[in-house]
1. Hey, with R₀ at 60 Å, roughly what FRET efficiency would C:Phe81 and A:Gln422 work out to, going by the Cβ-Cβ distance, to 0.05?
2. Which of B:Ser200, B:Ser24, B:Ser129 moves the most in a Gaussian network model of chain B with Cα springs under 10 Å?
3. Taking the 0 to 90 degree range and rounding to the nearest ten, how far is the long axis of helix B:40-55 tilted relative to the main principal axis of chain B, both from C-alpha atoms?
4. Given the options C:Leu182, C:Leu197, C:Ser168, identify the residue whose Cα lies farthest towards the positive end of the charge dipole of segment C:126-206 (+1 on Cβ of Lys, Arg; -1 on Cβ of Asp, Glu).
5. If I build a Gaussian network model for chain B, linking alpha-carbon pairs within less than 10 angstrom, which residue out of B:Pro34, B:Pro97, B:Pro219 has the largest mean-square fluctuation?
6. Once fully extended, how much extra length lies between B:Val15 and B:Ser129, figured as 0.36 nm per residue of separation less the alpha-carbon to alpha-carbon distance?
7. In whole Å, largest first, what are the principal axis extents of the Cα atoms in segment B:117-251?
8. Tell me what chain C gives for mean residue ellipticity at 222 nm when only DSSP H runs of n ≥ 4 count, each as -39,500 (n - 2.57), the sum divided by the residue total, rounded to 500 deg cm²/dmol.
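Derivation of every value follows stated rules applied to the coordinates shown; laboratory data play no part. Keep in mind that this is a model prediction, so the values were computed, not measured. Glycine gets a Cβ as well: all are built from the backbone with ideal geometry, and neighbour counts include every protein chain shown.
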Amino acid sequence: MSEKICPVCNRSNLPNAARCWYCQSLLDDEPVVGEPGAGDQEDQAAAPEVEKEIPDWLARIRARKAIETMEPSDSKPEPPVERKVAEIKPAAPTPSDKPAPSVPSGKTGSISRRPGVELPAWITELEKEVKPAEEEAESFTPPVEKVEDSDWMQKLSAWQKEDEPEEGAAEKAQPDTTPEWLAEFLSNEPPSKPEGTSITAEEFNAKVQTTEPKAGDTEPLGQLDEAEEAMRQDETYDFSVEAELELKKAEEEIPPLDESELEAGFTPLSVELPSESAAPSTKTPQEPVEEDDLDLTWLEEFKQSAAKEPPPAEEEKQPEEESTRPLAPFLGVQEHDWSTQPVVPEEKAGETGAGEGEASQPELPIWMQQLRQIESSAPAEPVKPEESSVTEGPLAGIQGALQTSELPDLYTKPPIYTNKIQVTERQSIRADLLSNIVQEIPPDAVAAGEKPVAAPRSRLMRILVGLLILAVVFMVLVAAPGTSLLPVLYPPETANAYQLVNNLGSDKPVLVAADFDAGLSGEIGFTSQALIEHLMLRNVPLAFLSTNPAGSALMSGMLTSAQVKVTSFDLSTRTVQFGYLAGGSVALQTLASDVRTALPYTAELMPAWDNALLQNVSSLSDFGALVVLTDDADTGRYWVEQVQPALGGIPLIMVTSAQSAPMLLPYYESGQVNGVVAGMSGGSAYEQILNLPGQSTFYFGAYQSLLLVVMMLILIGGVIALVLPGGIRRKA
Amino acid sequence: MGNLESTLGLIIVLVTVALILVLSLKSWRAKHPPVFRSIPAIQRLRRALGLSVEEGTGIHISIGKASLLQPSSTSAFVRLATLHRLAQMSATSDQPPVSTSGDGSLAVLSQDVLIAAARESNTLQMYQSDHGQLSGVTPLSFVAGALNVVNDPRIKANILIGNFGPEAGYLSTASEQNDAFTLAASDSLSAQAVFYATASEPLIGEELYAVPGYLQYSPAHQSSLQTQDILRWVLAAAMIGGAILKMVGVI
Amino acid sequence: MKSPVAAFVAFFIGAIVLAGYFIPASPLQSIRSSILDWTVVLAGVAGLVAILNLVFGVHIKRIREKAPRTGFSWAVIITFFIVFIAGVIFGPTHPSIQKVVTYVQFPVEASLMAMLAITLAYASLRLLQRQRNWMGIVFFVSTLFFLVVNSGVFSFSSDVPLLRTLVSAAHQLPVGGARGILLGIALGSLATGVRILIGADRPYNN
């Protein structure tokens, strides 16, 4: 997988990444790892520092790649280089021309070749040297070997010498010709440089002082401003030219080199290199500025050329080549094919001069070379391409001054950010579709707050059933009161209950537990009336309690209604009201274990066991019997399970509703319950046995009729349901 | 209680404890995962809960009238576990579940369960004091108060699970009239008969105790279902064996 | 309170009560009785709390939120306070208080029970529409059969031995079925109680 190497932090990034993931620097024009040629060239040009970092196996691979790509790439780049050289037009330093576009500092550009503009000599030389690339490559010596110090110095000196002739050569060179410096880069011929050559301070100073611009070179230092201005007036002015000019200015400002400083490793800013003629220009490849300020095609070519040269022999040529190479600012889109053109990375200014006094200049790492390119390109002031200097006013001619006349054009109104939702057309279309879909959904039939109305048919049926039931009951009660089909044989459980009550003495009280709710108190009242009347007739003392709050009140009412028939029974002296026993079945356990603790007071909050009726009672077994009135089978079961074991043989009689009788009858059959009076049928049977007609007998006929009517209704409804197709549709 | 009954009862309790503990072990469950018969009513309950959540309607859970002091209180704990699980399952609904009960202690516990479920699902701000209410202290007053909740048009699912009497027919009938999903379960025989005739999804017998297990409330519930099955077979075998021995004349 | 202390307390108390039920030792019995008394008191207090929540948390809240039909809530609140204050002043055995039960609660609940009969009768009409399966048909047939039997139509069966036997056997059928269901419910109760006892199910520990 090919990756991009960041030029700043030297980390690998995705091939399609535009910016480095780590440092956010632009990744364009950087050599992609894995592409043929680019990485090889970088590896071959790597300095010993990089070689120390890179594993040996990787270095061998890179070197092998560089060797492989060197030969076929020699012939390839010629056509694109020639094409690109043809595009190069030097800027014409004429006042009539338009001001050259301002180039921001650090940017590389290219000198547009235009008629009338003199190209530096080094460019023309490069053009000449493109074709005999092989021969030049052999004689190529790295500029590092020549100069102990930085390559940019060599380049600078090369520019000074070759400016004039190169410009002339550039004039002659047509768009199809390759600049000399460029050709030299493309070729494998490093600039010639004797090995072991190191420049002394005197030489450096001499070179600096005696440097005369060649024909075609840029103007002398004194006239630098004018030339610079002329170039800037050119539309295709390239900031690299600007950089060159800056360098020249810097050279003027540089004091003479001291030997001591040189020995100490001081790197002069500008050094005249002997391999000027052969060294390729350090100027950047000529490309129109407006195309891309970050054009680093020439850098690519430098690297390719550096990668193509044989490593041991040709490393010496690199400094020379680098010296004549144009200043290569850091970033830029390279139109040149890096893979086909040798690129010699520049050394960083000052670094190599520190410890390298030997003739053999080691290869600098790619990153160092790139950094030297950055440093070698003097950062220009951020002058706009349209105006490099003020043309009028008191600041005329001063570079970098603000153009007050064009300030309104420079500064625009700040953008106003609103809170409006930025909706695209597509989104609005989709929103409209969704709203249409929602509106199409019919509203729910049952709105919030509205009660669902039952179907009229269902309501009518319910009313009819109710009316029918009421009609039957009233009809029987009115037309044939007391008429019923009485059983011939009495239920054994009812008969047993009667027998037990009949055998009770009047000395022992009977505990009556009213454990029923108000809803079924009607049926319980009908069912228990005869039994209570029987107890009253026997003059048995009664003690009442209830396990629900309403039971005691209901029981009092039943006693009152029963006393109407048995007037001899005095409720005030023959009954004790314990009231409500809280706790449910837990209270029943307490009652079974210790009745006096469970029932300490009466309903009137009087001490219960001080009553004369209860003086001989200390436990449940001291009662004559236990009668439980309940409408719930579970309640009856609790009494049987919790209390019956503690009764000690006294009878347990249950008065229940018809619905709970089936659940309690097994207890009777098992002997745990001694008597059961269940429902109206049991009550009527008890009344018959007692020979005391009561409400059970009176309403039993209506009850029987109602049962038959309901049975008919169910039968009819079931038959209709079986005959008719479909049923009730289940929800969910 | 006689010694034989006490001893037998204690043995049964200890055996039940051991079975539940063993069947709850992870290793046992991994080797012998519990397999239960499908109860369509509970499956439809899950679907009804999902539909209720999607529609943004409410769920009413009535947990009956039995007190914690009665032997039917065990069904009360099952109801509370079911309430907790249903509250968890309907946590994403816009309408939090409403619980009605017929006993004071049960009402307090149901509020605690609903608050806990709301806290677990970070919907505590949606809980209100009337979501776990005592609708009545007597069976019929409890049903009358719960009818007010059942007839709420926002309620589209009624789960009647607990100790009811025949008066619970009001609730199931009203729920069916409102076209709401009705699942009814009770430990009372009369209520089961009424539910079978009036509710769309009745549960018969001890299926009431199986609801938390089928809703996957916890492994302990599922292991207790397996324990019940084992004890049921043991009881059936004991009854058949005792009947045979009685017929033979041994006992 | 979500802590192991609650689970330990529940287990400890449950073990004592259970042991006191099976082991008739006097120390355990007395402790068990005390614990059960505390339980009764707690249940009573919980009932009072729930009733207050019903009045203030439900009905007053409905009035405050101006829910529909708040007149019934007003009726509940007013009658509650009247009866509560009267019961505190006069006592539960006062004839006035007993009249509230006798003349208000009894007729209301008895009427509800009567309406329940009509509701169940109508629901029974649609039994087979709702439960159209074999179980529903069996339920339907058994309902009809026992309605007829309990109506007293076969009261003459005592004179006919075969019919008497059949009717007697028919009376035993629901008992057997009920027993089976009750046994299953008892096993479920047993398992649930054990689960509570060992702490596997903690509805209190939220």
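1. With R0 = 60 Å, the Cβ-Cβ based efficiency is 0.45.
2. Its mean-square fluctuation being the largest, the pick is B:Ser129.
3. Value to nearest ten degrees: 20.
4. Most positive-ward Cα: C:Leu197.
5. B:Pro34
6. 36.9 nm
7. Its Cα atoms span 65, 34, 27 Å along the three principal axes.
8. About -25500 deg cm²/dmol.
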